[in-house]
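The values are calculated or read from the model by the stated rules, or taken from the named source; none is laboratory data. Bear in mind the structure is a predicted one, so any value in this text is a computation, not a measurement. For neighbour counting, all protein chains shown are included, and Cβ atoms are generated from backbone atoms with ideal geometry for every residue, glycine included. Heavy atoms of the whole protein, side chains included, go into the accessibility calculation; ligands, DNA and RNA do not. Shrake-Rupley method; radii C 1.70, N 1.55, O 1.52, S 1.80 Å.
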Amino acid sequence: MTNAPLQDVSGLDARGISHTTLALHRVGREVPFCQFQRAALDVIQGILPFDSAWWGNAAAEPAEIHRLYLFNCDDSILEAYVPYMAQDFFRTALIDAPGTTINMADLISREGYLRTALYQDVGQRYRVEWSLGTLLVEPVSALQEFLTLWRHDGNKPFTEAERLTKELLMPHLWEAHRAARLREMLDGTQLRYDCWALADERGFLREISACFILFLREHWPGWRGSRLPEAMLECVRLATPLQTKQMKLQIVLNGRFRYLWALALSAVDKLSPRERDVATRYARGDTYAAIALALGLAPATVRNHIANCYQKLAVKNKAELAMRLLDAKPAMGSALRIP
């Protein structure tokens, strides 16, 4: 690094950094993992202006980029960059100081950068005039996670205040990213995280997604406030599912709290509990007679139930029926139905 004195950081926006940090954690909770990086960079761009960026995961030995997310940059940059990776002074500085945000302006003069082959063959082509980067090393795997922001205007280098701002934000960005990835892997579906809420046993909300607010206002137009609608309170207290004409609401008990998530009804949800029981037994290979004996029904009644299931699910044979049941979301069980 050069010995250039630090720039004045009296303009560091502490309130803006705090708001941005909170926004990053909200993105980690509410945005599907596949959209997280774009959403997080949009948040950062609000406090730290930049024109393009790359965000990736790499190994040190051998030097190899494993995954790369590009923001406002053509994906051909990776192919153009790889031949210069070993001579990239900026990458070397990041590796030598993990956790520290590096400003290219602190490493080399503008004139010196313009004379490098890296700039002439890569930077100029992709308008990488100034770089601001941070690299972290995962302690167990030793994999590197990096994020570098770029500016396209050669007259607008990143400032020391901007460098410090990024350095303060990066631990929160990494943590939100890891949490979003773990949530994706553990759950296997994003649906419940699109429309969810956390409430106590009395129905007072502690956390709620924007989608769940819309769900409540759609079904209870007069609803306002911090407590769930009256019609939901008994189900919340008992942690039993609830169903409307359009949505089903699952409730999971965890100590004094209830985790709620809403899903749109599928065709299978239109079956009555008896129809679903009969259809499930029939799809797994039970005969009409066996089903009738197990459920205390007449064989003709079982036949009528199967016919109704075929009609409601728009299927024509047992194989299609089995597939439709397999694809369906978990049943609501004895869900309370409300208008």
Which residue out of P171, P98 is at pLDDT below 95, of a type outside the set (V, I, T) and not in a loop (DSSP other than H, G, I, E, B)?
P171
Can you say whether A307 is in contact with a Pro (Cβ under 9 Å, 6 or more places away or on another chain) and more than 30 Å from D200 (Cβ to Cβ), as far as the supplied structure shows?
no
Which one is farthest from S272 (Cα to Cα) among residues in the stretch 221-254 that are modelled with pLDDT under 85 and of a type in the set (S, T, N, Q)?
S226
Within the stretch 264-284, of all residues that are β-branched (V, I, T) and without any contact (Cβ under 8 Å) to a residue 60 or more places away in the chain, the one most open to solvent (accessible area, probe 1.4 Å) is T280
Kindly list, by first and then second residue, each pair from a residue in the stretch 147-161 that is of a type in the set (A, V, I, L, M) to a residue that is not in a strand (DSSP E or B), limited to pairs with Cβ atoms under 6 Å and residues at least 6 apart or on different chains.
L149/F50; A161/V9; A161/G11; A161/L12
Which residue, of A290, A307, is among the small types (G, A, S), free of Cβ contacts under 8 Å to residues at least 24 places away in the same chain and surrounded by 12 or more Cβ atoms within 10 Å (Cβ to Cβ)?
A290
Considering only the stretch 101-142, how many residues are out of contact with any strand residue (DSSP E or B) (no Cβ under 6 Å at 6 or more places or on another chain) and part of a loop (DSSP other than H, G, I, E, B)?
11
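Rundown of residues vs (1) at pLDDT below 90; (2) outside any helix (DSSP H, G or I); (3) surrounded by 19 or more Cβ atoms within 10 Å (Cβ to Cβ), yes/no style:
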site	(1), (2), (3)
M1	yes, yes, no
L12	yes, yes, no
V27	no, no, yes
Q37	no, no, yes
D42	no, no, no
F50	no, yes, yes
N57	yes, yes, no
Could you tell me whether T92 is open to solvent by 30 Å² or more (accessible area, probe 1.4 Å) and part of a loop (DSSP other than H, G, I, E, B)?
no
Which of the following residues is of a type outside the set (K, R), surrounded by 14 or more Cβ atoms within 10 Å (Cβ to Cβ) and under 30 Å from G11 (Cβ atoms): W261, W174, W220?
W174
Top-ranked residue in the stretch 103-126 [being under 17 Å from W55 (Cα atoms) and in contact (Cβ under 8 Å) with a residue 60 or more places away in the chain; ranked as surrounded by the fewest Cβ atoms within 10 Å (Cβ to Cβ)]:
Y126
Would you be able to tell me the number of residues in the stretch 70-102 that are of a type outside the set (A, V, I, L, M, F, W, C), within 26 Å of the chain's Cα centre (by Cα) and farther than 20 Å from E167 by Cα?
3
Which residues, taken from the stretch 131-152, are open to solvent by 20 Å² or more (accessible area, probe 1.4 Å), closer than 14 Å to A53 by Cα and either touching a Pro at 6+ places or on another chain (Cβ under 9 Å) or charged (D, E, K, R) (or both)?
E145, R151
